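Notes follow once the structure below has been shown.
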Amino acid sequence: MKNFIYTIKKIENKKLTLNIKFAKTAVKRITVFILFVLNLGFITAQENDVDLYKAFNASAHIKNMHIWHGSVVHPGAIFATSLEYNSRNSKFTAGLWGGAGLSSVDVVHNITGESVNANYKELSIYAVYRFSNNFFIEAVSHNNYTGVEERGDKLRYWSYDKTQGYNFVDLNFGVNVSKNTSLYLATILGGGSGDYEVQSNGDLENSYTHYLELKSRVWEKDDNKLSLFIGGAWSFITNKTFYTENKGNIINVGASLNKNINLGAIKIPAEVTAMWNPEQQKAVLQLDITIF
């Protein structure tokens, strides 16, 4: 009888030992599995983080004309593209913006005096730093060399001579004063474009033209957004500016409607801008379609 009880206890102890071993093994396997899943999740999160960040980006637009700060830069259709770098924290952007005319304009040849055709050509350089979601600073080198060679001049892409007339630098500031309203200030620091005044002694005095624009979104429904804007230019130094014939004036008044063009499941962003320049008594309607 004692032997029988001893045998039973031995079997129970053995079973207990086996159960403990099995439990330890199960715990180890579950722990390994949990660590594997957590590690997989960590790796996936890292991969997703890498996928979300795109250092380089490109865009393409087609426009029926090109307007800028109350001026018609090109009266015909253009194809515009950009290529840019964005920092991981989205604070810094540097890029190139280019435009090519799908139609030509007339320019006068310097020697013959005859009108010749020239296509709109521009390749500008820009850099933006965003201090916050509500404030940014931007530097732009506007390089519009439409008709330079056609009128008999020598093309110098990196030249910023005052009399050259096609390269100049802007320093810009943007502030969101509220959820729907923004202020934009641009100052021409130097370069060509005729932003100077000829003094009595023949010297060329920089105008350092300032352009200030107030823009506010006044209506929104679904993907339709309507904004109104007004902009003016002035100089503290000269009696003319890049945009005006006198010391200052309102030069840019209008409205912009942003909406999506729905082509089935595809949505194409589009913007229609009505612009009126009171000084030049010029009014135009620009269509800007984003291709990608």
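Of a type in the set (A, V, I, L, M), surrounded by fewer than 17 Cβ atoms within 10 Å (Cβ to Cβ) and over 23 Å from N119 (Cα atoms): is that true of L155 in this structure?
no
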**Request:** Please enumerate the residues belonging to the range 222-252 that are of a type in the set (D, E, K, R) and within 27 Å of the chain's Cα centre (by Cα).
**Result:** D222, D223, K225
**Fill in**
Screening S200, S235, S193 for residues that are without any contact (Cβ under 8 Å) to a residue 60 or more places away in the chain, out of contact with any Ser or Thr (no Cβ under 8 Å at 6 or more places or on another chain) and buried (at least 18 other Cβ atoms within 10 Å of the Cβ) leaves only S193
**Prompt:** Scanning the range 113-154 for residues that are touching a residue at least 40 places away in the same chain (Cβ under 8 Å) and assigned to a loop (DSSP other than H, G, I, E, B), which turns out nearest to M65 (Cα to Cα)?
**Reply:** T146
**Message:** Residues that are among the hydrophobic types (A, V, I, L, M, F, W, C), over 16 Å from T146 (Cα atoms) and over 12 Å from the mean Cα position of the chain (by Cα): does the range 70-89 have at least one?
**Reply:** no
**Prompt:** Just wondering, is there one or more residues in the range 159-177 that are modelled with pLDDT of 95 or more, part of a loop (DSSP other than H, G, I, E, B) and either out of contact with any helix residue (DSSP H, G or I) (no Cβ under 6 Å at 6 or more places or on another chain) or surrounded by fewer than 18 Cβ atoms within 10 Å (Cβ to Cβ) (or both)?
**Reply:** yes
**Asked** Quick one: how many residues across the range 238-273 are in contact (Cβ under 8 Å) with a residue 24 or more places away in the chain, open to solvent by 50 Å² or more (accessible area, probe 1.4 Å), outside any loop (DSSP other than H, G, I, E, B) and of a type outside the set (S, T, N, Q)?
**Response** 5
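The values are calculated or read from the model by the stated rules, or taken from the named source; none is laboratory data. Keep in mind it's a predicted model, so treat the numbers as computed, not measured. Note that each Cβ is placed from the backbone with ideal geometry, even for glycine, and that neighbours are counted across all protein chains shown. Just so you know, the surface numbers come from the protein's heavy atoms only, side chains and all, with ligands and any DNA or RNA stripped out. Shrake-Rupley method; radii C 1.70, N 1.55, O 1.52, S 1.80 Å.
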